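First up is the structure itself, then whatever we jot down about it.
The values are calculated or read from the model by the stated rules, or taken from the named source; none is laboratory data. These numbers come from a predicted model, not from an experiment. Because the Cβ atoms are built from the backbone with ideal geometry, glycine has one as well, and the counts that use them run over all protein chains shown.
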Amino acid sequence: MTTASNTVRTRTVLPVRAARWAMWTFVLVNVVIVETLFLNAGSGKNDVLTVAKFFGVHAALLLLFQLLLVARLPWLDRRIGMDRLTVWHRWLGFTLLWTILTHATLVVLGYATLDDTSMAKTFVALSGVPASLLGMWAAATVLVVAVTSTRSLRRRLRYEVWHGLHLLLYVALGLSFVHQLLETTTFTSSAFATAYWWALWLLAFGALLTGRVVMPLWRNAYHRFTVAAVVPESDTVVSVYVTGRHLDKLPARAGQFCIWRFPGHNHWWSANPFSLSAAPGTQGLRLTAKAVGSTSAGLRNIPTGTRAFVEGPYGAFTSLHRTRPGTLLIAGGVGITPVRAMLEEQPTGDVVVLYRVRSEADAVLLNEVRHLLALHGGRLHLLTGRTRDNATPPFAPDNLHRLVPDITERDVYVCGPPAMTSTVLTTLRDLHVPTQQIHAEKFSLT
Ligand SMILES: Cc1cc2nc3c(=O)[nH]c(=O)nc-3n(C[C@H](O)[C@H](O)[C@H](O)COP(=O)(O)OP(=O)(O)OC[C@H]3O[C@@H](n4cnc5c(N)ncnc54)[C@H](O)[C@@H]3O)c2cc1C
């Protein structure tokens with residue numbers, strides 16, 4: 001029998017490292033090909049237009065990388081995690097914006113220099129050219145989405161409004177694709193250049209379509225997920241049990257999350273991420289949600305038999321990333337959900353759980369956690385109280401080291417509210433826990 005600890009001992013390349021290597025190799029190979037094609041295609045009508053072309057070609061490449069980052073490719077997602085991919089997507093998005101704006105400004109400047117006229121007049125003249133006009137609309141759309149994604153504006157917008165605006169990027173994508181078809185000289189400079197460019201677009205569109213549309217539709221048609229039971233865990237927390245067909249074929253792991261919709265009960269555009277709060281199995285899936293807004297609060301009213309539309313499973317917060325036989329699981333509040341699921345997968349008794357809650361009454365799934373620890377071995381520290389009332393904050397380095405003296409020898413999984421998770425991560429760094437042994441899930445993707 002293969003146990004997780006055997007897997008831990010025999011693995012030579014960490015999954016996350018393999019995925020990063022694969023990604024960087026892909027990026028580097030394509031950058032080299034694009035630079036070579038750019039150099040071979042010759043210069044523009046003047047120096048400014050040559051530089052403008054350089055930025056245009058790279059904006060197109062960044063756009064393709066963006067598509068691959070948001071395609072939710074399972075191999076990448078399980079190794080890197082959607083939260084980290086989302087952070088990269090954000091950075092790449094702003095880089096893309098500046099690249100597009102530089103390209104557009106240089107195009108106008110380049111033609112203004114060529115025609116010996118003002119930039120304003122050139123801008124008006126270019127807007128009469130269909131290919132340029134498409135590029136301008138694409139740039140304007142990206143600008144609007146980027147502005148609404150700045151932290152200050154994003155905080156003020158409802159998630160659904162912001163997400164709806166974000167979907168405008170698909171319009172920008174279509175416009176910029178046609179703009180490139182009409183304008184590019186780099187990718188029409190040879191048969192190889194054209195074949196390469198089309199292959200890259202097909203790969204990116206194919207990945208996006210498969211990951212975001214085909215796979216979720218196929219999975220839901222195949223598994224036919226249905227609500228089997230709704231069980232209140234407390235006044236504010238509820239568990240939803242979902243059953244379906246062929247669940248043994250669903251590639252889900254304890255610690256992962258899905259994006260859930262309950263059509264007919266919630267708005268069709270409400271799709272919320274919730275972790276699996278029990279290890280997935282042939283019996284079904286379970287989510288446990290705390291009421292924070294209308295969707296999560298309304299879960300307790302979902303009638304049994306309601307169809308569920310489930311996207312996923314997603315996330316890298318799993319035992320795939322274990323490097324050590326010993327584990328420390330740290331949960332804050334409802335962050336216990338993936339931790340509770342992972343407890344079912346623990347092969348040895350060498351597990352410690354730190355569960356941070358205001359009071360024991362707030363500790364959801366506590367009996368299940370205790371039961372699983374009693375079954376598999378392991379110990380639980382329930383850390384109660386308010387942080388400001390404690391002389392020593394529970395996640396201060398001294399305290400954490402006192403509770404788990406061999407912490408640097410363990411894999412540490414942390415899941416909770418963003419503020420708590422950040423505090424714990426800082427402490428783990430202070431205690432010199434090796435980076436590859438730290439795994440976190442922040443219940444926040446944006
Ligand atoms: C990976 C992950 C796993 C999670 N697991 C759990 C869990 O097991 N149990 C639990 O109680 N909570 C979990 N959450 C938090 C949960 O998703 C939110 O509390 C829930 O979506 C709130 O929705 P609402 O409409 O009720 O509230 P709202 O008031 O509409 O939203 C509250 C907050 O949730 C955010 N939010 C809403 N919809 C989404 C979405 N589709 N994607 C990202 N953020 C969104 C909003 O930005 C807002 O900050 C998880 C979050 C993430 C990112």
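Details
- Set side by side, the residues A297, A316 differ, and just one is surrounded by fewer than 23 Cβ atoms within 10 Å (Cβ to Cβ) and among the aliphatic types (A, V, I, L, M), which is A297.
- Subset of region 307-334 (residues that are away from the ligand (no atom under 16 Å from the Cβ) and over 18 Å from A19 (Cβ atoms)): R307, R324, P325, G326, T327, L328
- Checking L380, L372, L365, L299 one by one, the residue that is touching a residue at least 40 places away in the same chain (Cβ under 8 Å), among the hydrophobic types (A, V, I, L, M, F, W, C) and in contact with a helix residue (DSSP H, G or I) (Cβ under 6 Å, 6 or more places away or on another chain) is L365 and no other.
- Taken together, the criteria place V412 among residues that are away from the ligand (no atom under 16 Å from the Cβ), touching a strand residue (DSSP E or B) at 6+ places or on another chain (Cβ under 9 Å) and in contact (Cβ under 8 Å) with a residue 60 or more places away in the chain.
- Set F94, F187, F177, F123: member being away from the ligand (no atom under 16 Å from the Cβ), outside the structural domain of T295 (by TED's automatic domain parsing) and in contact (Cβ under 8 Å) with a residue 60 or more places away in the chain: F187
- Qualifying residue in region 174-188 (condition: β-branched (V, I, T), more than 24 Å from V334 (Cα to Cα) and touching a Phe, Trp or Tyr at 6+ places or on another chain (Cβ under 6 Å)): yes
Residues are listed down the side, and each one gets a yes or a no for (1) of a type outside the set (D, E, K, R); (2) out of contact with any strand residue (DSSP E or B) (no Cβ under 6 Å at 6 or more places or on another chain); (3) within 23 Å of F395 (Cα to Cα):
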residue: I259; (1), (2), (3): yes, no, no
residue: W268; (1), (2), (3): yes, yes, no
residue: S275; (1), (2), (3): yes, no, no
residue: G284; (1), (2), (3): yes, no, no
residue: S296; (1), (2), (3): yes, no, no
residue: A308; (1), (2), (3): yes, no, no
residue: G335; (1), (2), (3): yes, no, yes
residue: L343; (1), (2), (3): yes, yes, yes
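- Qualifying residues in region 249-269 (those that are near the ligand (Cβ under 10 Å from one of its atoms) and under 17 Å from N220 (Cα atoms)) - the one surrounded by the fewest Cβ atoms within 10 Å (Cβ to Cβ): W269
- Members of region 275-306 found to be within 12 Å of the ligand (Cβ to nearest atom), modelled with pLDDT under 95 and among the polar types (S, T, N, Q), listed by number: S294, T295, S296
- If you go through region 146-178 and keep only what is among the small types (G, A, S) and part of a loop (DSSP other than H, G, I, E, B), you end up with just S149.
- Among (1) of a type outside the set (G, A, S); (2) within 21 Å of L202 (Cα to Cα); (3) not in a helix (DSSP H, G or I) - the single one N30 does not satisfy: (3)
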